[in-house]
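The values are calculated or read from the model by the stated rules, or taken from the named source; none is laboratory data. Owing to the predicted nature of the structure, the values given are computational and were not obtained by experimental measurement. Cβ sites come from the backbone with ideal geometry, for glycine too, and all protein chains shown count toward neighbours.
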Amino acid sequence: MADVIALASDHGALDLRALVSDHLKTRGIAVLDLGTHGPESVDYPDFAARLADVVHSGRAARGILMCGTGIGISIAANRYAFLRAALVHDVTGARLCREHNDANVLVLGGRTTGPEVARDCVDVFLDTAFAGGRHARRVEKLGAMPPL
């Protein structure tokens, strides 16, 4: 569903995920919250896998992932050839990951991204279209990377 955004995080981004969820709802966007739902330590690859399953099945077209820094969960998400997860720290990164890379997953750091920056990045990510053109052939290669 194009109008559903899946959210997932580990324990390092509980507060940021709640803020992003509330922000999406104020925009009228349906949120599919994949957890985690408590402060207990969990493994971020499990939550990247949950989001991958939801995107692959078509229950959400795009997603937002978060962990303490965003680094680990973005590495985990990019193991799936159909996900293009981009860790961003500002609106320029959020815009360019959509325009140039057709990113379908925004990644934020719960311990490194402030509330205003997070809201701004989410808005830009959702409101920016893929530019296509010369970028399309590059994005196509991302999903077809051969194993070494």
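Values computed for the structure shown
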| item | result |
| --- | --- |
| From THR113, THR92, residue being surrounded by fewer than 20 Cβ atoms within 10 Å (Cβ to Cβ), among the polar types (S, T, N, Q) and either at pLDDT 95 or above or farther than 25 Å from GLY28 by Cβ (or both) | THR92 |
| Some residue of the stretch 2-18 being within 22 Å of GLU140 (Cα to Cα), part of a helix (DSSP H, G or I) and touching a Leu at 6+ places or on another chain (Cβ under 7 Å) | no |
| Scan of the stretch 51-62 for residues that are surrounded by fewer than 17 Cβ atoms within 10 Å (Cβ to Cβ), in contact (Cβ under 8 Å) with a residue 12 or more places away in the chain and not in a loop (DSSP other than H, G, I, E, B), ordered by number | HIS56 |
| Residue pairs meeting the criteria (Cβ under 9 Å; at least 6 apart or on separate chains; first in a loop (DSSP other than H, G, I, E, B), in the stretch 22-45; second loosely packed, with under 12 Cβ neighbours inside 10 Å and of a type in the set (D, E, K, R)) | GLY28/ASP3; ILE29/ASP3 |
| Among (1) in contact (Cβ under 8 Å) with a residue 12 or more places away in the chain; (2) part of a loop (DSSP other than H, G, I, E, B), the one test that VAL122 misses | (2) |
